[in-house]
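The values are calculated or read from the model by the stated rules, or taken from the named source; none is laboratory data. Just so it is clear, the model here is predicted, and its values are computed rather than measured. Quick reminder, even Gly has a Cβ in these numbers, built from the backbone with ideal geometry, and neighbours come from all protein chains shown. What goes into the accessible areas is simple: the full protein's heavy atoms, side chains included, and nothing from ligands, DNA or RNA. Shrake-Rupley method; radii C 1.70, N 1.55, O 1.52, S 1.80 Å.
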Amino acid sequence: MTQSQCDSEFQALSNSLFSIYLNNNILFSNHILADEEFDELCFEFGLELDEITSEKEILSREQGDEKAAGASDVVLYKIDVPANRYDLLCLEGLVRGLQVFKEKLEAPRYKRVSPADGGEPQRLVITEETASVRPHAVAAVLRNISFTQERYESFIELQEKLHQNICRKRTLVAIGTHDLDTISGPFTYTAKPPGDIRFKPLNQSKEYTAAELMSHYKTDSHLRHYLHIIENEPLYPIIYDSNGIVLSMPPIINGELNTHTHTQYAFTGAWIDVFFAGRAEVVYPDGRLCVYPELAYRTETLSGDFINKRVGINESAESIAQLLTRMCLRSEVSGEGDLIQVEIPPMRADVIHACDIMEDAAIAHGFNNIVRSTPRTYTVANQLPLNKLTELLRQDLAAAGFTEALTFALCSQEDIADKLRKNIVETRAVHISNPKTAEFQVVRTSLLPGLLKTLAANRKMPLPLKLFEISDVVLKDETKDSTFFPGRCAEIFSCGKSIGHLGVLHPDVISRFELTMPCSAIDIDIEPFL
């Protein structure tokens, strides 16, 4: 396929793809798809159309009609895409996949190419200073890319989606995009003390040192979430071009002078819409030279019988190969029995095992087309003894007038320590490494904090409030019972083993949960009864 053919194909694709957002109906291969047809197409492809809505409708539903006044009423299709299919996370990739699935297009082939003029490829040199902070980098060059406003916005949106999932919120990878017409190689990836780095960041009018930038972005609603990745490091990563221009301070911000325009884009990108990417050389501190992007294809061989048995269908090897090709996995029968050779493209990192290939064959065949059958293996289901006991306890407690509560298994450190008059170190609680909020920092070591917080949220209800919960806890501390009032508590033993406590809660515990009435509680480990 020539460059001009690729450009024209992408142009045709883009015209139909962006109509998803710009029109109330969808243009798909010269056919207008009704909403019901598009919903069915997504289902056949293994996706789910969650909702057909608009920005105005969303704001009206969440904040009222007054807030929604003036908002866009352009129709939006919210599609649930699996996190491992990041090739479908952009509009272009999604509809290209759908067109291949409907056999309107062939699956694209991605290729690494050398400079057309025969010149030297761009080079990125990594210095040894990066070893202490973020030691790895890759690069690629894309040439002759034309951006419209819609394509540019789609490109940035894809980059942010990749940052959030496969890049783990930039902790693993940060993608930088730069205009190759405004910079010159070779490029240098190094690390320096924050005070030694000075440049004008993206969308700013003056220069800052890296230390000043970290302070400046602490109030930025978007970038402040990434500052913790490097802010405590003695050296910050930085990328320069051959003229000393700062391209980027990953994973925080790009430089202002080298941002890509809407007409040309190149270098360190992850966007391959014309299916060709220019090679770039990366030189590591130990002298190793690697060429990127790899864009490596691999071949897996499996039998048609394997897929037929596990999916529950009866298709020929040729038919299965065609099904897999529709899922962008080019396949053909090898000629040796019913063996099928499946080519895995570089954009399908979700295909790890033969079972992943089998799943794609099932999707292409259609789950609704699989004939129902009785399982060959018969089993007798039975409730686990622990679950049976808990069900019996729930019935008796409910009959005694108690209301069952279902609280979060995660809670704050304060809930299981300070508020219960315990030291967080002594609780031996399991800590969450990247808690979303202060309310979900640790796994609960007791059910009591959740119940007390439930009481605090229902203080206006008539007394008495009688609650119970039977759920799992992790690493309960059995060395003290300081949560209870001295002289008004007891330890419960069964068969010579301590299984819990009961008594009147300490006044400090009650006040820290903002309660005003005395409380008593019983905390029992029921597993010994099994």
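The table for this structure:
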| item | result |
| --- | --- |
| Surface/4 estimate of mean projected area, convex hull on alpha-carbon atoms of segment 265-367, nm² | 8.8 |
| Amide H contacts of Glu48 (H built 1.01 Å from N, under 5 Å, at least 5 apart or other chain) | Asp80 |
| Candidate lysines - alpha carbon under 19 Å from Lys419, same-chain residues fewer than 8 apart omitted | Lys453, Lys476, Lys480 |
| Chain lengthening between Thr377 and Gln204 when straightened (0.36 nm per residue, less Cα-Cα) | 55.6 nm |
| Positive minus negative residues near Arg85 (Lys, Arg vs Asp, Glu; Cβ under 13 Å) | -4 |
| Mean-position separation - Cα centroids, segment 430-464 and segment 169-237, in angstrom | 38 |
| Dipole axis of the chain (+1 Lys, Arg; -1 Asp, Glu on Cβ), positive-most option in Ile313, Thr190, Met347 | Thr190 |
| Accessible surface ranking that places the most exposed of Leu505, Leu389 first, with a 1.4 angstrom probe | Leu389, Leu505 |
| Efficiency of FRET between Ser114 and Asn314 - r from beta-carbon atoms, R0 60 angstrom, step 0.05 | 0.80 |
| Segment Asp356-Leu339, extension gain: residue separation times 0.36 nm, minus the distance between their alpha carbons | 4.5 nm |
| Convex hull volume of segment 341-431 per residue (C-alpha atoms, cubic angstrom) | 299 |
| Net length gained if the chain between Glu414 and Ser215 were fully extended (0.36 nm per residue, minus Cα distance) | 68.8 nm |
| Antiparallel DSSP beta bridges within segment 385-529, as percent of all bridges there, nearest 5 | 90 |
| FRET efficiency, 1/(1 + (r/R0)^6) with R0 30 Å, evaluated for Ser471 and Lys497 via beta carbons | 0.90 |
| Under Karplus coefficients 6.51, -1.76 and 1.60, residue-wise ³J(HN,Hα) of segment 443-453 in Hz, glycine/proline x | 7, 4, 9, 8, 7, 4, x, x, 5, 5, 5 |
| Probe 1.4 Å, accessible area per residue of the chain, Å² | 56 |
| Cleavage-rule hits (chymotrypsin sites (Phe, Trp or Tyr not before Pro)) in segment 329-407: DSSP loop, at most 13 neighbouring Cβ within 10 angstrom | Tyr378 |
| Cβ-Cβ FRET estimate between Glu157 and Val504, R0 fixed at 56 Å, reported to 0.05 | 0.45 |
| ³J(HN,Hα), Karplus 6.51/-1.76/1.60, whole Hz, each residue of segment 132-149, x for Gly, Pro | 8, 10, 9, x, 10, 7, 10, 8, 7, 10, 10, 10, 6, 9, 9, 9, 8, 4 |
| Neighbour count of at most 10 Cβ within 10 Å plus DSSP loop: longest trypsin sites (Lys or Arg not before Pro)-free window in the chain | 1-205 |
| Exposure rank, largest accessible area first [Ser412, Ser303, Ser132; 1.4 Å] | Ser132, Ser303, Ser412 |
| Segment 431-436 - phi-based ³J(HN,Hα) in whole Hz, Karplus 6.51/-1.76/1.60, Gly and Pro as x | 9, 7, 6, 9, x, 5 |
| From the coordinates shown, log10 I(q)/I(0) by the Debye sum over Cα atoms at q = 0.05, 0.07 Å⁻¹ corresponds to which of (1) -0.29, -0.54; (2) -0.33, -0.64; (3) -0.20, -0.40 | (2) |
| Label-point separation, Asn84 to Phe402 (7 Å along Cα→Cβ), nm | 4.2 |
